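The values are calculated or read from the model by the stated rules, or taken from the named source; none is laboratory data. Computed from a predicted model, the values in this text were never measured in an experiment. Cβ placement follows ideal geometry from the backbone for every residue including glycine, while neighbour counts extend to all protein chains displayed.
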Amino acid sequence: MRILIVEDEPKVASFIRRALEEERYAVDVCSDGIQGRDLASEVAYDLIILDLMLPGLPGIDVLKELRSGKVKTPILILTARSEVDQRVKGLDAGADDYLTKPFAIEELLARARALLRRASGETLGILQVDDLILNPVTHDVTRGGQRIDLTSKEYALLEYMMRNAGRVLTRTMISEHVWNLDFDTFTNVIDVYIRYLRNKIDRGRTHGLIHTVRGSGYTLKATDA
């Protein structure tokens, strides 16, 4: 899943980014409100982590503009302000959750997972398609009870496909959710990683779960053996 951090304190932004990337999320970072607003309006993020005290455009105004522009991406506000009225203003402006600095990174990660689950309509964290099971908390992946070891990017790609099981995902959709802004969309990297996943998940099985939709992209779905 792809996350945008809008935070002007470099150490805080770096700390959050590192923690999220260790959890296998694709992460973009910007340090001012105007750029944050523009990125959030143009890119299909799964979650936005937004500081309120920002140069260029205050976080509360970024939030209001995004919601007035029909951007429905879950937004988690970060701020050093602990006053109740600031929390209320943020939530009333359209924020989905609120975390006051300083915070424990474990709590931020837990809140991020909860918002991502809520946005995707999940009630439980476990993802399952046929006999393929993925646990977003422990990052364990098994098929037919057999553990499958994945790299960070393979895991991120599989999680995105499982969260959208049965849906045809174009290369553009995959790049927007699994890779960050540095990704070169003209390469065949996505096709290569699909092949990696097939080798680990479908190879030697009686039926495959990852399917190519010619001229469109890929889909992950259960099929009859």
Item to complete: Keeping to the stretch 1-15, report how many residues are free of Cβ contacts under 8 Å to residues at least 12 places away in the same chain and in a strand (DSSP E or B).
Response: 0
Worksheet item: Which condition breaks for Arg18 when tested against (1) over 19 Å from Ala95 (Cα atoms); (2) outside any strand (DSSP E or B); (3) touching a residue at least 12 places away in the same chain (Cβ under 8 Å)?
Response: (3)
Item to complete: Please go through the stretch 1-34 and pick out each residue that is within 15 Å of Ile77 (Cα to Cα) and buried (at least 22 other Cβ atoms within 10 Å of the Cβ).
Response: Ile3, Leu4, Ile5, Val6, Glu7, Ile16, Gly33
Item to complete: Among residues belonging to the stretch 73-85 that are touching a residue at least 12 places away in the same chain (Cβ under 8 Å) and assigned to a loop (DSSP other than H, G, I, E, B), point out the one that is surrounded by the fewest Cβ atoms within 10 Å (Cβ to Cβ).
Response: Ser82
Worksheet item: Which residues, taken from the stretch 175-197, are assigned to a loop (DSSP other than H, G, I, E, B) and either in contact with a Cys (Cβ under 9 Å, 6 or more places away or on another chain) or in contact (Cβ under 8 Å) with a residue 40 or more places away in the chain (or both)?
Response: Trp179, Asn180, Leu181
Discussion item. When you scan the stretch 79-89, do you find a residue that is modelled with pLDDT of 95 or more and over 24 Å from Met161 (Cβ atoms), even just one?
Written reply: no
Fill in: Selected residue [aliphatic (A, V, I, L, M) and surrounded by 18 or more Cβ atoms within 10 Å (Cβ to Cβ)] from Ala104, Ala93
Ala93
Fill in: Residue list for the stretch 28-54, restricted to those being without any contact (Cβ under 8 Å) to a residue 24 or more places away in the chain and either in a strand (DSSP E or B) or outside the structural domain of Pro10 (by TED's automatic domain parsing) (or both)
none
Worksheet, complete the sentence: All-but-one check, Phe186 against (1) aromatic (Phe, Trp, Tyr); (2) within 17 Å of the chain's Cα centre (by Cα); (3) modelled with pLDDT under 90, failing number (2)
Discussion item. Would you confirm, using the coordinates I've provided, whether Lys200 is in contact (Cβ under 8 Å) with a residue 60 or more places away in the chain and surrounded by 15 or more Cβ atoms within 10 Å (Cβ to Cβ)?
Written reply: no
Worksheet item: Looking only at the stretch 123-135, which residues are closer than 23 Å to Gly208 by Cβ and either touching a helix residue (DSSP H, G or I) at 6+ places or on another chain (Cβ under 7 Å) or in a strand (DSSP E or B) (or both)?
Response: Leu127, Gln128, Val129, Leu132, Ile133, Leu134
